[in-house]
Amino acid sequence: MKKILTLSFLSLFFMSLLTVPGFCQKASDILEKMIEAQGGRKLLEGIKDTTVSGTIEMIQFGMNGSLTMYQKEPNKMRMDIEVMGMVITQAFDGETAWWINPQTGSSEEMPEKQAEDMKRQALGNDSLIHPEKYGITYTYKGKEKIEGKDYLVIEQTFSDGFQATLYIDPQTYLTYKTKGTTTNQMGVEVEGETYFSDYKKVEGMMVPYTLTIYQDGEEFMKMSITEVTFNSSLEDDLFKMSE
């Protein structure tokens, strides 16, 4: 059960919903086209919070559950997972990353490595539109063929040195796949890949309704989105650690 607490797929999802000096021209051009494909700068700037609900299938465990994710600009996030009657909550309130231990029911701060992951994952649309504010840079790495099709490859580097790789469809400029390393709740680093498909337009924004997550090369989880809501006036208290 602890393996489901791996956080990597959340950041990759919000990245899919979403030029600085020093960018090569190719990277900045691709990023601008990605922004336009997702709905454009004006639309993204107008989104102050996002709520995503869906179902999850944990393939390796043969279990199903539900998941609700909340993100508030620029850097607050909460995720609630329910599996077999057990609810797991993880959140970042802009300063502190925490989770509710499902076995004890108590709120606890996350260990340092997991907290670093959570902080990055909490970044929303503003970090895509204005990456220089967050110390994020992008580098174009060329093309890579996947199942007979060429994809544009962008390397994303955060201010703490963490790197993720984005694979962009050159026809649609929507994210096809992301890849990166994260740390699960057991303190073990895992290689994660997330594939995005079944894009649909929600209030002018392109959203992937199916996410397939691999860990260390094995299919691990599939998430099916059922509802996406923008600008529902989420309160800051939703993200704060309970006493």
Check: Of all residues in region 186-223, which are loosely packed, with under 15 Cβ neighbours inside 10 Å, under 29 Å from Lys113 (Cβ atoms) and of a type in the set (Gly, Ala, Ser)?
Finding: Gly187, Gly217
Check: For Thr172, which of the numbered conditions (1) farther than 30 Å from Pro111 by Cα; (2) part of a strand (DSSP E or B) fails to hold?
Finding: (2)
Next item on the list: Quick one: Met221 ticks every box in (1) out of contact with any Ser or Thr (no Cβ under 9 Å at 6 or more places or on another chain); (2) part of a strand (DSSP E or B); (3) among the aliphatic types (A, V, I, L, M) except a single one, so which number is it?
Entry: (1)
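For (1) modelled with pLDDT of 90 or more; (2) of a type in the set (Val, Ile, Thr); (3) farther than 25 Å from Asp49 by Cα; (4) in a loop (DSSP other than H, G, I, E, B), each residue gets a yes or a no:
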{"position": "Ala115", "(1), (2), (3), (4)": "yes, no, no, no"}
{"position": "Asp126", "(1), (2), (3), (4)": "yes, no, no, no"}
{"position": "Gln185", "(1), (2), (3), (4)": "no, no, yes, yes"}
{"position": "Glu191", "(1), (2), (3), (4)": "no, no, yes, no"}
{"position": "Phe196", "(1), (2), (3), (4)": "yes, no, no, no"}
{"position": "Lys201", "(1), (2), (3), (4)": "yes, no, no, no"}
{"position": "Val207", "(1), (2), (3), (4)": "yes, yes, no, no"}
Margin query: Name the single residue that is nearest to Gly161 (Cα to Cα) among those in region 101-113 being outside any loop (DSSP other than H, G, I, E, B) and at pLDDT 90 or above.
Written below: Glu109
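With the structure loaded, tell me whether Glu57 is outside any loop (DSSP other than H, G, I, E, B), charged (D, E, K, R) and out of contact with any Lys or Arg (no Cβ under 7 Å at 6 or more places or on another chain) or whether it fails that test.
On the way: outside any loop (DSSP other than H, G, I, E, B): yes; charged (D, E, K, R): yes; out of contact with any Lys or Arg (no Cβ under 7 Å at 6 or more places or on another chain): no.
Judged against the criteria, Glu57 is not a match.
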Checklist line | Residue that is surrounded by the fewest Cβ atoms within 10 Å (Cβ to Cβ) [pool: residues in region 91-108 that are within 19 Å of the chain's Cα centre (by Cα) and not aliphatic (A, V, I, L, M)] | finding: Glu95
Notebook entry, point to check: With (1) surrounded by fewer than 19 Cβ atoms within 10 Å (Cβ to Cβ); (2) modelled with pLDDT under 90 as the list, and Ile88 as the residue in question, which single condition is left unmet?
Noted result: (1)
Next item on the list: Please verify whether region 137-149 includes one or more residues that are of a type outside the set (Ser, Thr, Tyr) and assigned to a helix (DSSP H, G or I).
Entry: no
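For region 109-119, does any single residue satisfy the condition of being more than 15 Å from the chain's Cα centre (by Cα) and of a type in the set (A, V, I, L, M, F, W, C)?
Yes - at least one qualifying residue is present in region 109-119.
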Notebook entry, point to check: Pairs under 7 Å by beta carbon, first residue within 10 Å of Ile81 (Cα to Cα) and of a type outside the set (Gly, Ala, Ser) in region 52-68, partner modelled with pLDDT under 95 and surrounded by fewer than 16 Cβ atoms within 10 Å (Cβ to Cβ), six or more apart or different chains?
Noted result: Thr55/Asn64; Ile56/Asn64
Check: Counting just the residues of region 138-159 that are in contact with a Gly (Cβ under 8 Å, 6 or more places away or on another chain) and modelled with pLDDT under 95, which one comes out surrounded by the most Cβ atoms within 10 Å (Cβ to Cβ)?
Finding: Phe158
Next item on the list: Test Lys177 against the criterion of being under 14 Å from the mean Cα position of the chain (by Cα) and either surrounded by 14 or more Cβ atoms within 10 Å (Cβ to Cβ) or at pLDDT below 95 (or both), and give yes or no.
Entry: yes
Next item on the list: Could you tell me whether region 27-45 includes any residue that is modelled with pLDDT of 95 or more, acidic (Asp, Glu) and surrounded by 15 or more Cβ atoms within 10 Å (Cβ to Cβ)?
Entry: no
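The values are calculated or read from the model by the stated rules, or taken from the named source; none is laboratory data. Note that the coordinates shown come from a computational prediction; the quantities given were computed from them, not determined experimentally. All Cβ positions, glycine included, derive from the backbone under ideal geometry; neighbour counts span all protein chains shown.
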